[in-house]
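Following: one structure in structure tokens, then a few remarks.
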Amino acid sequence: MGGMSDQGLHVTGAALMATLMFTVMALCAIVFTWMERKVAGFIQSRYGPMYTGRWQGWAQAVADMLKILGKEDIIPAQADKGLFVFAPILVLLGSLLAWAAIPWSPGFIAADLDLGLFYIFAVSSMVVIGILMAGWASNNKWALYGAARGAAQMVSYEIPLALATIPVILNVGSLNTQDIVIAQQGGMFNWFVFHDPFLFIAFWMYFIASIAETNRGPFDMPETESELVAGYHTEYTGMRFAFFFLAEYANLFLVAIIASVVFLGGWWAPIPGLDFAPALTLVIKGVLLVFLNMWVRWTLPRVRVDQLMHLCWKVMIPVTLLCIVGSGLWMILSGELG
Amino acid sequence: MSSDSKTPPSGYDVQREHMLDFKVDQQLAEVVESDAKNFILTTVDEVFNWAKLSSIWPVTFGLACCAIEMMATSATRYDMDRFGAGAFRATPRQADLMIVSGTVTGKMAQRLKLIYDQMPEPKWVIAMGSCAIGGGPYFKYGYHVVKGVDLLVPVDVYVPGCPPRPEVLIDGLMRLQDKIRGRKGRFITPKWVTDYAKKIPYRK
Amino acid sequence: MEQKAIYDLLAGKLGEGAVAFHEDGIEPWAEIAVGAVAEACGFLRGEPSLDFDQLMCLSGIDWDGFDEAGKGKSVGILGYTDEGSPETSDRQAEGDLGVAYHLYSHALDHKFTLRIRLPRDRAEAPTVSGVWATASWHEREAWDLLGIRFTGHPDLRRMLLDDKWVGHPLRKDYVMPDRWEGVPMDGKPYSANPFPATEEPPAGGPKPDGDTPPAEA
Amino acid sequence: MAMDTKKTNGWADQDDVPEIKSELLELNMGPQHPATHGVLRLLLKTDGEIVYQVTPVLGYLHRCAEKIAEGVNYKQWVVYTDRFDYLAPMCCNHAYVTAVEKLMQQEVPERAEHIRVAVAELSRIASHLIALATFGLDMGAWTPLLYCFREREEILNLLERISGGRMLYNYMVPGGVRYDIPEDGWVKDVLSFITMLETKKIKDYNQLLTYNKIFIERTADVGVISKEDAFSYACTGPVLRGSGVKFDCRRNDPYSVYSKFDFEIPVGLGEMGTVGDCWDRYMVRVREIEQSCRIIRQALDTLPEGPYQAIELHKPVKVPAGAAYTRTESAKGEIGHYIISDGGQTAFRNKVRSPSFCNLQVVEKVGVGQMVSDLVALVGSLDIVLGEIDR
């Protein structure tokens, strides 16, 4: 119910939002590459980038990106050119679209969908197709291995990832991301992670599954630098490789933001009354989770591909299912339901 | 860089020559000259050169003894990542620099050439250690040793030593940065380096 | 067990195949006939009182130009000249090839050394890779570097060099290659050095000693 | 492992189904591959993740050292022994000079032998640290690599102070060592370093890697080398000891002054899985570091006074005619030199039996039926050095 002017406003707003999201995404790739190298350095008792841009090498990621822009673009002669070109775009698109349903602060959301959470999980599944396409199109055995592993892993881990959020949805009664955040108002003990023991477990299940979903250590099967040379993007150079790179870090931040929204109270500050910068609060939570992710990545060895599947199908899915049942029972017993 | 628009396109710029601590070959000089004609492009070029030189990703390509020193250079004490060159890529497709760290044998020569060909432009090569420079101790009776990697691929920087110390490799990296920049870089010692240097006793 | 006693056992088994036992050197060794080596090794491995379960080493030897008098006058090998080109020689290769087997028994803690000599024009020996699995690679290496053919070996390809390599480099008359499959194996002449030695010593550095001239070819 | 039983059926049965054609995937691992520890090339035939055939292709670092041995004299060739096992050059030096001295029947001063043992053990620790580090790296653990390199730097510093070289030393000569111990508290620094290593650092590694649950999952019961295979393939060193055989040349065939020192020989006990799996081989190395520390302490505590060279440095070494095979225990296993001398200053033939060469051969058998990831673990646990394999 709106005239042309309303629609025009809507389109302009959407365009603005899309630009903003893309900027955020590019920015978070740049910031997190730098952060990754600094965190790795910190954990490994060295410095990491120090000279690029004078202060602590802050411009390192900028230089990396600029350099990648200037690299030669190679498409192997035996590669499937169409798929080869399209795959990185699809991967990037998958992680970009999901940003639309993230509630940054009250009312500040690109697409306030009723099925917000469902939408996020649906579009971010596109990444799998992109990875599979990349591995197949490269006509490289290592890339094929990486793609096959990656597809198996990501398809499997989407299930516990989504299942872990269901207890929250049960509690809220809505898939709308804003509703989920609003339900957690009033201090950190109203956050869903501390709501009941089952949700606490569900949060950690979500966190583990999100590491696997973003293909990072100890679950970096598609890339496994010591086994498959560089996994599915072995043959990619220059800007196309940068797309994968961007998508990896955008995904990393995305899953952390979703975890913050669903379990850690979204834009609400830990103490009630400190909510003067909702978007900033959300970003800080996301960055902390990303740091945790990096901490895990630089500490643990990598699991084997069959152990990875074992973990998913025989441990995490039963546990998350149990969490759904337990959380439901908790709701009935504590009288929250009706 | 920007003030060089008046200099003739051929030959060395006298002013720049004394800034270099190595002899730039004619080709490099010409490249620098042609860029120096346009102010805006020069500045853009400067920015891109800065990006190239601050983010030199080497390919994970260890050949022999020198590879261990290459690893030591990227490890804790020497930490090549400080200069942005610590992101070792396992695939040559994403690398900028090939550090030929060790003896190149006849059997390896074809592969080395292949890896070099697989790297995207712009790409650089550092010949690390005396074996890669000229056969080293394997010159006289080394029937299977290629006497210098520059017989196979163009080499940008030669880093002597058997094996070179990590400091020397880092110095070689800086010479490569100078070469990309087209002039000698200004080295600013950060405060923490001077502070730290004061704490090091002369000899333990 | 003493090596002499082992040799006596072995000689009893082989009969004609056991040629001699040399006890004079630092390391005693038994010389056996070429045809008998597989049988000898099988016996040494299988006999419970000997039980040589480890082949420590299998070495191929080229006895070409060996100075039997022990005066150090053996023939020198050919290399590259200072200019980087291969040295050549008119000398005809002579003398036998040989193989030495060094055995050890973990169970009984004793060692034994076998040697065989092969004629140069028919350098063939039976394989022992069926007795000890490790012999397989050692024999491939001996074939690769010395051209000793091991009959009955399941997979006698070159070990270290490429399959297309010509010649067997550890032979004393081997001439160094100058080019192989398009790869230059010869060196650059010194004049092609991109960084010729400067006349003057680097400023500030120590001056070179008078008696050590700068390295120049 | 249950994998072995799969080998016979699986793809072979598919010939009965004419529509579905399947073939094994040929995979070329190396020579430029992050997990092959240099320029090793493994030709794999795989069915998905399962490996059906492993064929190592060597020679990408064949540097003609045995040919060079026939061209240069005994002292000059010490330089090339450094470059065999460039992770433990002192052990290689020690092996070679021991072999030459055996042929010369040369007595070595007691002090020189003590110094040699101390530096060789330091080198062994450095090599084992790299072995742990790169094994961890093959498992995807980056951080232990850098921690181990950090401690290795300390050892390199100590060895640089005694020999003048940072990584490759050329320190030992037939008849002694090149330089005496520097008089700046070197012994004290070594002792304080090994105390630090024993008390703190090994605990760090154990916490970070050894007893990590994922690490155990990846390595226990993987790549099991049985005792029989180990004998048949002439495996030595930590690989043999990992399979539960208590054998060490330093104890069973003593050379130098090792018979004077009290140390234990760690063997694989199968604590986490089967005896002879990757974890056992890894653990043997960790325990050997502790034993090496003990040996260094004893060697330096009982360091005698006296000369450190029996032959003056500028004099050429002449070896009487003869032939002998000498084996010593390097970091990777038994390194043997079969030297044939014609009485001159140059060896007539010098065959080097390198431990990695023999140890690697076992992948042809044990690697079959493993997953690709386990093959990487197996090759990592063998701790090969290509300089030594290809020579």
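The values are calculated or read from the model by the stated rules, or taken from the named source; none is laboratory data. Since the structure is predicted, the reported quantities are computational estimates derived from the model, not experimental observations. Quick reminder, even Gly has a Cβ in these numbers, built from the backbone with ideal geometry, and neighbours come from all protein chains shown.
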ask   = Mind checking which residues of the range D:124-183 are within 25 Å of B:D79 (Cα to Cα) and of a type in the set (F, W, Y)?
value = D:F135, D:W142, D:Y147, D:F149, D:Y169
key: the range A:92-114, residues that are over 30 Å from A:M221 (Cβ atoms) and in a loop (DSSP other than H, G, I, E, B)   = A:P103, A:W104, A:P106, A:G107, A:I109, A:A110, A:A111, A:D112, A:L113, A:D114
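Restricting attention to the range D:111-130, does a residue exist that is at the interface with another protein chain (Cβ under 8 Å from one of its Cβ atoms) and either within 27 Å of D:K365 (Cα to Cα) or surrounded by 22 or more Cβ atoms within 10 Å (Cβ to Cβ) (or both)? Write out each step before concluding.
Going through the range D:111-130, the residues at the interface with another protein chain (Cβ under 8 Å from one of its Cβ atoms) turn out to be D:130.
Subset that is either within 27 Å of D:K365 (Cα to Cα) or surrounded by 22 or more Cβ atoms within 10 Å (Cβ to Cβ) (or both): D:130.
Yes, the range D:111-130 contains a residue that is at the interface with another protein chain (Cβ under 8 Å from one of its Cβ atoms) and either within 27 Å of D:K365 (Cα to Cα) or surrounded by 22 or more Cβ atoms within 10 Å (Cβ to Cβ) (or both).
Can you find a residue that is of a type in the set (G, A, S), within 14 Å of chain B (Cβ to nearest Cβ) and within 22 Å of B:Y78 (Cβ to Cβ) anywhere in the range A:78-90?
So far as the range A:78-90 goes, no, none of its residues is of a type in the set (G, A, S), within 14 Å of chain B (Cβ to nearest Cβ) and within 22 Å of B:Y78 (Cβ to Cβ).
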task = Six or more apart or on different chains, Cβ under 6 Å: which pairs go from a residue in the range C:130-149 that's more than 9 Å from every other protein chain (Cβ to nearest Cβ) and over 28 Å from D:S226 (Cα atoms) to one that's surrounded by fewer than 20 Cβ atoms within 10 Å (Cβ to Cβ) and at pLDDT below 90? Could you list them?
result = C:W143/C:L156; C:R149/C:E124
key: Neighbours by Cβ (under 7 Å, 6+ apart or cross-chain): first from the range D:367-391, facing chain A (nearest Cβ under 10 Å) and crowded, with 24+ Cβ neighbours inside 10 Å; second charged (D, E, K, R) and part of a helix (DSSP H, G or I)   = D:V376/D:D138; D:A377/D:D138; D:A377/D:R218; D:G380/D:D138
query = Can you pull out the residues in the range A:25-50 that are facing chain B (nearest Cβ under 7 Å) and surrounded by fewer than 21 Cβ atoms within 10 Å (Cβ to Cβ)?
reply = A:S45, A:Y47
request  = Would you mind stating whether B:I126 is in contact with a helix residue (DSSP H, G or I) (Cβ under 9 Å, 6 or more places away or on another chain) and in a helix (DSSP H, G or I)?
outcome  = no
query = Is at least one residue of the range D:57-79 modelled with pLDDT under 85, at the interface with another protein chain (Cβ under 7 Å from one of its Cβ atoms) and surrounded by fewer than 20 Cβ atoms within 10 Å (Cβ to Cβ)?
reply = no
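Out of everything in the range C:170-187 that is farther than 22 Å from C:P126 by Cα and at pLDDT 85 or above, what residue ends up being farthest from the chain's Cα centre (by Cα)?
So, considering only residues that are farther than 22 Å from C:P126 by Cα and at pLDDT 85 or above, the one farthest from the chain's Cα centre (by Cα) is C:P177.
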query = Given the residues D:K227, D:K200, which is the only one that is within 14 Å of chain C (Cβ to nearest Cβ) and of a type in the set (D, E, K, R)?
reply = D:K227
task = Kindly indicate whether any position in the range B:75-84 is within 12 Å of chain D (Cβ to nearest Cβ), touching a residue at least 24 places away in the same chain (Cβ under 8 Å), in a loop (DSSP other than H, G, I, E, B) and among the charged types (D, E, K, R).
result = yes
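Of the residues A:L300, A:L308, A:L246, A:L254, which single one is surrounded by 16 or more Cβ atoms within 10 Å (Cβ to Cβ), within 14 Å of chain D (Cβ to nearest Cβ) and assigned to a helix (DSSP H, G or I)?
A:L308
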query = Can you tell me which residues in the range C:132-159 are aliphatic (A, V, I, L, M) and either surrounded by 21 or more Cβ atoms within 10 Å (Cβ to Cβ) or at pLDDT 90 or above (or both)?
reply = C:A135, C:A142, C:L145, C:L146, C:I148, C:M159
query = Going by the conditions given, is B:T194 more than 9 Å from every other protein chain (Cβ to nearest Cβ), part of a loop (DSSP other than H, G, I, E, B) and either of a type outside the set (D, E, K, R) or farther than 30 Å from C:K172 by Cβ (or both)?
reply = no
request  = Output the helices (runs of 4 or more DSSP H) that fall wholly within the range D:85-169 and possess 3 or more residues being in contact with a strand residue (DSSP E or B) (Cβ under 9 Å, 6 or more places away or on another chain) and in contact (Cβ under 8 Å) with a residue 40 or more places away in the chain, or say none.
outcome  = D:89-104, D:110-138
ask   = So which of B:P201, B:P154, B:P163 is surrounded by 21 or more Cβ atoms within 10 Å (Cβ to Cβ) and away from chain A (no Cβ under 14 Å)?
value = B:P163
task = Report whether or not C:A100 is free of Cβ contacts under 8 Å to residues at least 24 places away in the same chain and surrounded by 15 or more Cβ atoms within 10 Å (Cβ to Cβ).
result = no
request  = Return the total of residues in the range D:41-61 being touching a strand residue (DSSP E or B) at 6+ places or on another chain (Cβ under 7 Å) and part of a loop (DSSP other than H, G, I, E, B).
outcome  = 3
query = (1) aliphatic (A, V, I, L, M); (2) within 11 Å of another protein chain (Cβ to nearest Cβ); (3) over 22 Å from D:A69 (Cβ atoms): which one isn't true of C:L108, the others all being true?
reply = (2)
Breaking point among (1) under 21 Å from A:F32 (Cα atoms); (2) within 14 Å of chain B (Cβ to nearest Cβ), for A:E227 = (1)
ask   = Does A:G116 satisfy the criteria of being closer than 30 Å to D:E49 by Cβ and modelled with pLDDT under 90?
value = no
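Working only within the range A:207-224, note down all residues that are within 12 Å of chain B (Cβ to nearest Cβ) and among the hydroxyl-bearing types (S, T, Y).
The answer is A:T224, and nothing else.
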note = The correct count of residues that are surrounded by 22 or more Cβ atoms within 10 Å (Cβ to Cβ), facing another protein chain (nearest Cβ under 7 Å) and either out of contact with any Asp or Glu (no Cβ under 7 Å at 6 or more places or on another chain) or among the acidic types (D, E) (or both) in the range C:57-97 is 3
ask   = Inside the range D:183-232, can you point out the residues that are more than 30 Å from D:S163 (Cα to Cα) and part of a loop (DSSP other than H, G, I, E, B)?
value = D:Y211, D:N212, D:A220, D:D221, D:V222, D:G223, D:V224, D:I225, D:S226
ask   = When the range D:26-40 is examined, which residues are found to be in a strand (DSSP E or B) and within 7 Å of another protein chain (Cβ to nearest Cβ)?
value = D:L27
